[in-house]
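Down below is the structure, laid out as structure tokens.
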Amino acid sequence: IEEYNEKFIVYSLGNFMFGGNKNPSDKGTFVFQQKFYFENGKFDQANQYYQKALNALPQDNLIKIEAASAKINLAQGSKNTELLKSAVKLLTQVTINQSDNIMAYFMLSRAYGALNDQAKAISALAYYYFYLGAYKKSQILANKVIKMTSPNSREYIRANDIIEYTKDISENND
């Protein structure tokens, strides 16, 4: 990989298309384009290419997570709630499709934290630790959620599920 005149040149990738094409037949190329923008802190441009990749591959959970990450980073300075809500929507879709996707829960925690929704942020983090197998940390966070929410709220019920499920599980990873 080489950068020339603020553009990337990719060598030896067989049938992989070059990143200069704005409408490639292989839509996975958008992932290459946005990844470099993201890694270089150009979150606005990364967000544009993630959106193109999502339009081409709407069921791809990895693209959803990366797109959400770009939105969260882009919103960080401006506190753009629409970007953050869009990130939450993408990440929630991932957790529905892959309930044990730890990166989705970690990113949800970041997005909810940026939206100042502490109960949901801590709840997502509790699930992150739960699926990592760090049950003690997960229980501690779930107990915080229970103290912060009403008994019929979704977060309360989910936190209670974590506590009940992990009650008898021995700690190996904490």
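The values are calculated or read from the model by the stated rules, or taken from the named source; none is laboratory data. Fair warning: this is a prediction, and the values are worked out from it, not measured in the lab. Virtual Cβ from ideal backbone geometry, glycine too; neighbours counted across all protein chains shown. Side chains are part of the model used for accessible areas, which takes the heavy atoms of the whole protein and leaves out ligands, DNA and RNA. Shrake-Rupley method; radii C 1.70, N 1.55, O 1.52, S 1.80 Å.
What trypsin sites (Lys or Arg not before Pro) does the range 52-148 have in DSSP loop regions with at most 12 other beta carbons within 10 Å?
The qualifying sites are Lys79.
Say the cut-off is 22 Å between C-alpha atoms; which of Lys85/Lys120; Lys64/Lys85; Lys120/Lys144; Lys79/Lys137; Lys85/Lys137; Lys144/Lys167 go over it?
Violating the 22 Å limit, Cα to Cα: Lys79/Lys137; Lys85/Lys137.
Given a cut-off of under 8 Å on Cα pairs at least six residues apart, what relative contact order in percent is computed for the range 69-151?
Once divided by the residue count of the range 69-151, the mean separation gives 22 percent.
Please arrange Met107, Met148 by accessible surface area, largest first, computed with a 1.4 Å probe and ligands excluded. Please list the in-between numbers first.
On the way: Met107 10, Met148 95 Å².
Correct descending sequence by accessible area is Met148, Met107.
Once the cut-off is 20 Å, how many percent of the Cα-Cα pairs in the range 79-147 end up in the long-distance tail? Intermediate values should be presented prior to the final figure.
Numbers: 561 of 2346 pairs.
When all Cα pairs of the range 79-147 are counted, 24 percent exceed 20 Å.
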